[in-house]
């Protein structure tokens, strides 16, 4: 019984060998399929495609005037009427009525110097003039009396009622009265001149604005001694510096080799670094008829057409010299890109935008051409980077390398 039971015990080798092989074969095929799928996904994403070197340009926000600009130059805003207002006499400031930024009118008093001595001289001159005028009135009265007396004496002398001596005495008195009047008139003129001199001296103690302007700097204060030349110790010359804001112009240096592209009356566009969002119309006012030999440049003055209170002297500026006037509809900025970036295929326009070293095909809607650029209506925005002159081998998702050229 024991042997019989043992004989029934057998190992099925077919089951042990066949089943694992079948299972392994299934795993192999599954791995192959997975690898094919992964390879397809990676290929679709350009992993196995070669990297293409490309040039890149930016989608930019431009003004239409940039497309017909023939020359650019840099310079500064300069007031053509500017003055360092000083005193004509030496004195101490007792009153200063302005400070930086104040607007002053022509003839307005900016500062006063101590003037007690000048006021005393003026009062003395006025008194002397009054004395001279009273003397003139007195001698005129004497002249009238002498003239009447002489005329009567002349009639009586003709009739023989008075002697020659009496006649001569009346004539002498009359001539003496005439001379006295002339002397008195001269005294009045001298007194008037003395008073005028005193008034001028008093005016010298009043520092006035020579023209309508804005105060740029205040160089002295109450208590300071000012002189015409500022040579004395602790003395100052200019009290304030003023500028006529209506005379502001931009002065730029233009290379001698490019000056032939500039002409008087040429339209310009002015951009100030301090006001980057504003663009101002301008016109060439003058080409200074001399060159700077050290810089090989010629100075050009550009006048503002558009006035703005924000424009200040010494601001840095850039001037674009234009080939024509700016039209009314060309003042607003627009989005544009290089024409070489746009591809037209099957009636649709698109560009390849650069995103994480990949070329991404992006549809765009374009408008009119602006020189070497084209207006973009939709699809991209300011600041995007696009492939310039894309090659046929670039596809959507292609790996790219930006050229360093």
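Only the coordinates and a few stated rules stand behind these numbers; no lab work does. Note that this is a predicted model, so its numbers are computed, not measured. A quick note on method: Cβ atoms are made from the backbone with ideal geometry, for glycine too, and the neighbour counts reach across all protein chains shown.
Taking each residue as 0.36 nm, the span from residue 185 to residue 55 lengthens on full extension beyond its C-alpha to C-alpha distance by 37.3 nm. Here the extension length gained between residue 154 and residue 117 equals 7.9 nm, from 0.36 nm per residue of separation less the Cα-Cα distance. Here the spin labels are modelled as points 7 Å beyond Cα on the Cα-Cβ line, and at residue 273 and residue 203 they lie 4.4 nm apart.
Note on the chain: antiparallel DSSP beta bridges, both residues inside, total approximately 95 percent of the bridges counted. Projecting label points 7 angstrom from Cα along Cα→Cβ for residue 332 and residue 258 puts them 3.1 nm apart. For helix 13-44, what angle does its Cα long axis make with the longest principal axis of the chain, in degrees from 0 to 90 and rounded to 10? So the helix axis and the longest Cα principal axis differ by about 20 degrees. Look at the alpha carbon pairs under 8 Å that are at least 6 residues apart: their mean separation over the length of the chain gives a relative contact order of 26 percent.
Classify region 335-385 from the C-alpha gyration tensor, please: rounded if a/c falls under 1.5, else prolate or oblate depending on whether a/b exceeds b/c. Cα axes put region 335-385 in the oblate bin. I'd like the distance between the alpha-carbon centres of region 326-405 and region 104-127, rounded to an integer number of Å. Using only Cα atoms to place each centre, the spacing works out to 73 Å. Among rounded, prolate and oblate, which fits region 238-315 when a ≥ b ≥ c are the square roots of the eigenvalues of its C-alpha gyration tensor, a/c under 1.5 means rounded, and a/b larger than b/c means prolate? Oblate is the answer for region 238-315, as a/c is 1.5 or above yet b/c matches or exceeds a/b. Among 140-150, 58-68, sorting by the average number of other beta carbon atoms lying within 10 angstrom of each residue, highest first, gives 58-68, 140-150. Among the listed options [x] 1.53; [y] 1.02; [z] 0.94, the one matching Rg/Rh (Cα atoms, Kirkwood Rh) as calculated from these coordinates is [x]. If you sort the three axes of the alpha carbon gyration tensor as a ≥ b ≥ c, you get a/c of 1.5 or more for region 116-204 and a/b above b/c, which makes it prolate. Among 379, 347, 191, the largest mean-square fluctuation in a Gaussian network model of the chain, built with springs joining Cα atoms closer than 10 Å, belongs to 347.
For residue 68 and residue 357, the difference between the fully extended length at 0.36 nm per residue and the C-alpha to C-alpha distance is 100.6 nm. Using just its DSSP H runs of length 4 or more, each adding -39500 (n - 2.57), the chain gives a mean residue ellipticity at 222 nm of -11000 deg cm²/dmol after division by all residues.
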